[in-house]
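Data block below; observations after.
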Amino acid sequence: MDKRIILDDKAIDRTLTRIAHEILENNKGAHDLVLLGIRTRGIYLAQRIQSKIEKIDGITVPTGVLDVTQYRDDVTDRVSQDVVAYTIDTDMNNRHVVIVDDVLYTGRTVRASLDAILDHVRPKRISLATLIDRGHRELPIRADFIGKNIPTALSEEIVVMLDEVDDKTQVYIK
Ligand code: 5GP
Ligand code: MG
């Protein structure tokens, strides 16, 4: 199996530092920001961005978890629209919510995320940060903050490893 490393741990760290700066620049500070990481690896990326922002601006941005399994358009036995798919310790109404994920592909997970949020709250704005954009969108969705664009073949897969859950931190293509 072919394995081509795209980002090592230092590159991932620099990339997340840049994204943290971009979010702050775009939002004109950390005011009203909320970070929501998509399970699983988006959670750790969101937490890493949170700590970068804390180092830069001294503000701890509320950071939560989004699990959109029940909102996927390919889920047929959906339990109920009443399930709250996110866990966050703050009111997201009128806040700027940044969804954080590891890989953006067809866009269906992000579409589900928007539903999961908008079923319950009205943020003043929702944007998207992704570590990798691998292309092949099937919906009109794009990311606001991108770590790296990796044009992939459909047969390829991006492997994201983060030492919070894996034995090392790197991104490779196989
Ligand atoms: P989408 O819903 O945009 O098709 O896919 C995005 C979701 O599936 C993300 O949550 C991401 O974790 C996962 N995903 C899609 N393609 C890949 C890939 O090549 N590598 C990894 N690691 N995750 C992927
Ligand atoms: Mg995922």
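Ranking of Met92, Met161 by solvent-accessible surface, largest first: Met161, Met92 (1.4 Å probe, protein heavy atoms only, all chains present). A simple spin-label model places the labels of Ile141 and His31 3.1 nm from each other, with each point 7 Å out along Cα-to-Cβ.
Could you pull out the pairs from Lys10/Lys124; Lys28/Lys168; Lys52/Lys148; Lys52/Lys174; Lys10/Lys148; Lys28/Lys124 whose alpha carbons sit more than 24 Å apart here?
Lys10/Lys124; Lys28/Lys168; Lys52/Lys174
For the stretch 2-46, what does the alpha-carbon gyration tensor say about shape, rounded, prolate or oblate, given a ≥ b ≥ c as the root eigenvalues, a/c under 1.5 as rounded, and a/b over b/c as prolate? Oblate is the answer for the stretch 2-46, as a/c is 1.5 or above yet b/c matches or exceeds a/b.
Between Asp73 and Asp166, the simple spin-label model (points 7 angstrom out along Cα→Cβ) gives 2.9 nm. Each residue of the stretch 62-71 was assigned a 3J(HN,Hα) from its phi angle through the Karplus expression (A = 6.51, B = -1.76, C = 1.60, θ = phi - 60°), giving x, 10, x, 10, 10, 10, 9, 3, 6, 9 Hz with x at Gly and Pro. Other residues within the sphere of radius under 13 Å centred on the Cβ of Thr15, judged by their own Cβ, net out at 0 (K and R +1, D and E -1). On the accessible surface of the stretch 1-122, probed at 1.4 Å, how many percent belong to carbon and sulfur atoms? Carbon with sulfur: 45 percent of the solvent-accessible area. Take every DSSP beta bridge whose two residues both sit in the chain; close to 30 percent of them are antiparallel.
Length available on full extension from Ile59 to Lys10: 0.36 nm per residue minus the Cα-Cα distance, which gives 15.3 nm.
Is the C-alpha gyration tensor of the chain telling us rounded, prolate or oblate? Criteria: a/c under 1.5 is rounded; beyond that, a/b larger than b/c is prolate, otherwise oblate. Oblate, because a/c is 1.5 or more while a/b does not exceed b/c. 3J(HN,Hα) couplings calculated from phi for the stretch 160-174 with the Karplus curve 6.51 cos²θ - 1.76 cosθ + 1.60 (θ = phi - 60°) are, in sequence order, 9, 10, 10, 5, 5, 10, 10, 7, 7, 10, 6, 10, 9, 10, 9 Hz; Gly and Pro show x.
Within the chain, the longest segment free of exposed loop sites, counting GluC sites (Glu not before Pro) that fall outside DSSP classes H, G, I, E and B and have at most 14 other Cβ atoms within 10 Å, spans 1-137. Can you tell me how the stretch 1-94 classifies by the Cα gyration tensor, rounded, prolate or oblate, using a/c under 1.5 as the rounded cut? Oblate shape, in that a/c is at least 1.5 and b/c is the bigger or equal ratio. Computed over protein heavy atoms with a 1.4 angstrom probe, the accessible surface ordering of His120, His96, His31, largest first, is His31, His120, His96.
Where does the Debye-calculated log10 I(q)/I(0) of the stretch 101-148 sit at q = 0.15, 0.19 Å⁻¹, using only Cα point scatterers of equal weight, no solvent? So the normalised log intensities work out to -0.38, -0.59.
Accessible surface of Asp163, taken over heavy atoms with a 1.4 Å probe and every protein chain present, rounds to 90 Å².
The values are calculated or read from the model by the stated rules, or taken from the named source; none is laboratory data. Bear in mind the structure is a predicted one, so any value in this text is a computation, not a measurement. Every residue, glycine among them, receives a Cβ derived from its backbone with ideal geometry; neighbour counts consider all protein chains shown. Only protein heavy atoms, including side chains, enter the accessible area calculation; ligands, DNA and RNA are left aside. Shrake-Rupley method; radii C 1.70, N 1.55, O 1.52, S 1.80 Å.
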